[in-house]
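Trainee: Shown below is the structure under consideration.
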Amino acid sequence: MEYDRLVEHGLLATGERVELLGGLLVVREPRGGRHAMGVRMVEPDVSVVPGSFRDYPLEHPTRAVLVVEIADSSLALDRGEKAGLYARARVPEYGIVNLVDRTLEVHREPAPDTGAPFGSRYREIVTLRPGETVVALAAPDTVIAVADLVP
């Protein structure tokens, strides 16, 4: 695995929190108390894919229908570069649990945009607060209380 070779050569420390973002290894932001609570409420970096785990016995899914990020110190990155990458990948719905403002940001309708990070953006962005509800495109019969997602 490439990650293990980077550790062996001293380029990364064992257990260093990094992620691959747009072809670059990026050091992940430290998780604070609010982030840890948000992770427990939603789960980290959630992605919803078609089918069940049994549909992928030999390989990982290649297409997500929903991705959710938990954001506090990473909010600008999640709104910018990550949103651009998910839009470029045509992920139909991208959510950000915004711990700074205690909101849920729902991004929909990915579209090409040469001025956006990675050449794509979401045309529709809705900000929801505790007390409001959301219905995910991937589960149109399920109503989710924003208060259940935002600590």
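Readers should treat all values here as calculations from the given coordinates under stated rules, not as data from a laboratory. Keep in mind the model is a prediction, meaning the values are calculated, not measured. Don't worry about glycine lacking a Cβ; one is built from the backbone with ideal geometry, like all the others, and counts go over all protein chains shown.
Trainee: Set the Förster distance to 30 Å, then compute FRET efficiency between Asp55 and Ala76 from the Cβ-Cβ distance, nearest 0.05.
Mentor: My answer for the efficiency is 0.25.
Trainee: Give the calculated FRET efficiency between Asp101 and Arg63 to the nearest 0.05, with a Förster radius of 30 Å applied to their Cβ-Cβ distance.
Mentor: It comes to 0.50.
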